[in-house]
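Right, one structure below, let's go through it.
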Amino acid sequence: MEDVRQLSRAQVRDYMTSNPQTLGVESTLLDAVLMMRRSELRHIPILEGDRLVGILTDRDVGRFAPSILVTLSPQDYNRVFEETSVAKVMTRKLVSTTPDAPLADAVELIYSQKLGCLPVLESDRLVGIITVVDMLRALHDLIGDLGDG
């Protein structure tokens with residue numbers, strides 16, 4: 001039972017990914033796809049200077065990518081990714097949290113708003129990201145600890 005109380009006191013900082021990989025607003029969709037594949041990411045914070053201006057998700061990329069049902073040459077297909085700015089595709093309406101916020105509050109935001117992640121800001125500066133996978137890690141910690149007792 002102590003493990004449940006300990007997890008209920010957890011903060012976002014306990015489960016977030018600090019200093020996440022980011023891209024600049026001038027980056028292309030190709031840059032984003034390569035980063036996502038190379039690092040197995042599903043969410044990339046997009047910065048303009050030091051300021052967070054959006055999040056690019058694998059879903060955003062999927063929605064924007066040309067359909068395989070459209071007959072495009074490989075060159076034209078690639079050109080879409082090479083010439084499209086992430087700024088055109090990213091999600092601009094952001095919901096964020098802070099490192100000191102209770103983990104339960106972040107879970108509630110992600111659940112109620114059906115989000116895949118929350119950028120973590122401290123004094124308007126991106127310091128981390130917390131994702132559904134991070135929430136599953138917290139649940140795993142709880143269930144694993146309960147199973148050990």
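The values are calculated or read from the model by the stated rules, or taken from the named source; none is laboratory data. Quick caveat, the model's predicted, so the values are computed rather than measured. Cβ atoms come from the backbone with ideal geometry, glycine included; neighbour counts cover every protein chain shown.
On inspection, Asp76 qualifies as farther than 30 Å from Arg13 by Cβ and out of contact with any Asp or Glu (no Cβ under 9 Å at 6 or more places or on another chain). Looking only at the range 71-92, decide whether some residue is of a type outside the set (D, E, K, R), crowded, with 16+ Cβ neighbours inside 10 Å, under 19 Å from Thr17 (Cβ atoms) and in contact with a Phe, Trp or Tyr (Cβ under 7 Å, 6 or more places away or on another chain). Scanning the range 71-92 turns up no residue that is of a type outside the set (D, E, K, R), crowded, with 16+ Cβ neighbours inside 10 Å, under 19 Å from Thr17 (Cβ atoms) and in contact with a Phe, Trp or Tyr (Cβ under 7 Å, 6 or more places away or on another chain).
Of all the criteria given as (1) in a helix (DSSP H, G or I); (2) closer than 18 Å to Val120 by Cα, the one not satisfied by Val53 is (1).
Residues in the range 26-44 that are part of a loop (DSSP other than H, G, I, E, B) and either without any contact (Cβ under 8 Å) to a residue 40 or more places away in the chain or crowded, with 17+ Cβ neighbours inside 10 Å (or both): Ser27, Glu40, Leu41.
Please enumerate the residues belonging to the range 88-135 that are assigned to a strand (DSSP E or B) and farther than 30 Å from Ala65 by Cβ. Residues satisfying the conditions are Pro102, Glu122, Arg125, Val127. Scanning the range 45-64 for residues that are free of Cβ contacts under 8 Å to residues at least 24 places away in the same chain and either more than 16 Å from Gly116 (Cβ to Cβ) or surrounded by 11 or more Cβ atoms within 10 Å (Cβ to Cβ) (or both) yields Gly49, Asp58. Only one of the listed residues (Asp148, Asp100) is surrounded by fewer than 12 Cβ atoms within 10 Å (Cβ to Cβ), among the acidic types (Asp, Glu) and either at pLDDT below 90 or farther than 22 Å from Pro20 by Cα (or both). That residue is Asp148. Here Ser67 passes the criteria (1) part of a loop (DSSP other than H, G, I, E, B); (2) touching a helix residue (DSSP H, G or I) at 6+ places or on another chain (Cβ under 7 Å) except the one numbered (2). Mind checking whether some residue in the range 116-135 is over 27 Å from Gly62 (Cα atoms), at pLDDT below 95 and aliphatic (A, V, I, L, M)? No, the range 116-135 contains no residue that is over 27 Å from Gly62 (Cα atoms), at pLDDT below 95 and aliphatic (A, V, I, L, M).
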